[in-house]
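Report on the following structure.
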Amino acid sequence: MLTGVVLVVTIGIRNPAAPAAAPPPPRPALPIPEQRPQPGAESPRAGLAAPVDRPAVSDQAELDAWATRVADKTHLPARVLAAYGRAEMWMQRQKPTCHLSWATPAGIGRVEAGRGNFDLSAIGADGRVAKPVVGPPLNGSAGVPAVHDTDGGKLDGDKTWDHAIGPLQFLPSTWKKYQERANGDGGTPDPQNVDDAAFTAARYLCSGGDDLGTPAGWWRAILFYNAGVAYGQDVFSAADAYAEASVAP
């Protein structure tokens with residue numbers, strides 16, 4: 001948005017315009033009640049039978065309108081929600097039996113942002129994060145797996161060890177296998193672009209042939225994405241909270 005500057009001239013003296021108002025602070029994140037369901041026992045509220053505000057749209061303008069509406073309830077940036085909604089829409093066409101809801105990549109994004117301490121609101125209109133998100137080296141130090149370099153440092157800048165990359169924190173080898181450009185322009189998929197990252201995450205989650213609308217299918221897919229049960233439980237809590245918020249009055 002461009003803010004006009006008015007110059008007032010009186011008796012040959014030019015008065016400077018008042019300084020522009022500071023932008024409002026970002027809204028606090030949606031509170032996420034912690035849940036610890038056992039794998040396979042239940043799926044988030046975004047499952048087949050649960051009400052959730054889905055992006056049933058046909059063009060970019062409608063997708064943006066949906067994202068703006070849901071952003072007010074979930075406290076997620078509309079630009080980020082549009083990426084998650086587009087991922088759901090693409091998977092409805094590519095693999096309709098997967099039944100992926102936007103709330104699942106949104107839950108993954110929430111968990112990864114919390115672990116990596118980066119701000120999902122700092123994303124430009126083109127979908128790229130303001131500052132590339134690169135995790136610590138996976139060098140076998142305490143609590144960290146050892147993953148030797150698989151991309152020649154092309155994506156993470158390290159030719160010795162791999163790092164998780166982008167707002168949804170892919171390993172370079174996983175990114176290479178499932179990457180897809182979300183806008184279909186034929187460009188190179190970018191892990192630092194939230195549209196490409198969300199669509200690639202959706203392809204990864206749906207790659208096993210599971211039905212994410214069912215408890216067993218959702219858990220198989222999320223544990224394929226990350227084998228940690230605690231990780232899956234955190235994603236469950238976030239996805240469930242976003243789905244519930246989306247249909248709140």
(request) Please indicate, with yes or no, whether at least one residue in region 76-99 is assigned to a loop (DSSP other than H, G, I, E, B), within 20 Å of Gly217 (Cα to Cα) and out of contact with any Phe, Trp or Tyr (no Cβ under 8 Å at 6 or more places or on another chain). (result) yes
(request) Count, please, the residues in region 67-81 that happen to be without any contact (Cβ under 8 Å) to a residue 24 or more places away in the chain and crowded, with 21+ Cβ neighbours inside 10 Å. (result) 1
(request) Only residues that are acidic (Asp, Glu) and either on the phi > 0 side of the Ramachandran plot or in contact with a strand residue (DSSP E or B) (Cβ under 8 Å, 6 or more places away or on another chain) (or both): list them for region 104-157, please. (result) Asp126, Asp149, Asp156
(request) For Asp151, indicate whether it is open to solvent by 30 Å² or more (accessible area, probe 1.4 Å) and assigned to a loop (DSSP other than H, G, I, E, B). (result) yes
(request) Would you be able to tell me the number of residues in region 210-246 that are outside any helix (DSSP H, G or I) and either under 19 Å from Gly116 (Cβ atoms) or in contact with a helix residue (DSSP H, G or I) (Cβ under 8 Å, 6 or more places away or on another chain) (or both)? (result) 6
(message) If I ask for residues that are among the aliphatic types (A, V, I, L, M) and open to solvent by less than 40 Å² (accessible area, probe 1.4 Å), which ones from region 123-143 would you list?
(response) Ile123, Val129, Val133, Leu138
(request) Please determine, by comparing only the residues of region 231-249 that are under 20 Å from Arg220 (Cα atoms) and of a type in the set (Ser, Thr, Tyr), which one is surrounded by the fewest Cβ atoms within 10 Å (Cβ to Cβ). (result) Tyr231
(request) Looking at (1) surrounded by fewer than 21 Cβ atoms within 10 Å (Cβ to Cβ); (2) farther than 29 Å from Ala67 by Cα; (3) at pLDDT 95 or above, find the lone condition where Asp162 falls short. (result) (1)
(request) Assess whether Phe199 counts as being over 24 Å from Arg128 (Cα atoms), part of a helix (DSSP H, G or I), under 19 Å from the mean Cα position of the chain (by Cα) and of a type in the set (A, V, I, L, M, F, W, C). (result) no
(message) Just checking, does region 97-110 include any residue being free of Cβ contacts under 8 Å to residues at least 24 places away in the same chain and open to solvent by 30 Å² or more (accessible area, probe 1.4 Å)?
(response) no
(request) Scan region 193-226 residue by residue and report those that are open to solvent by 10 Å² or more (accessible area, probe 1.4 Å) and of a type in the set (Asp, Glu). (result) Asp195, Asp210, Asp211
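The values are calculated or read from the model by the stated rules, or taken from the named source; none is laboratory data. Since this is a predicted model, take the numbers as computed values, not measurements. We place every Cβ from the backbone using ideal geometry, glycine too, and count neighbours over all the protein chains shown. These accessible areas exclude ligands, DNA and RNA; they are computed on the full protein's heavy atoms, side chains included. Shrake-Rupley method; radii C 1.70, N 1.55, O 1.52, S 1.80 Å.
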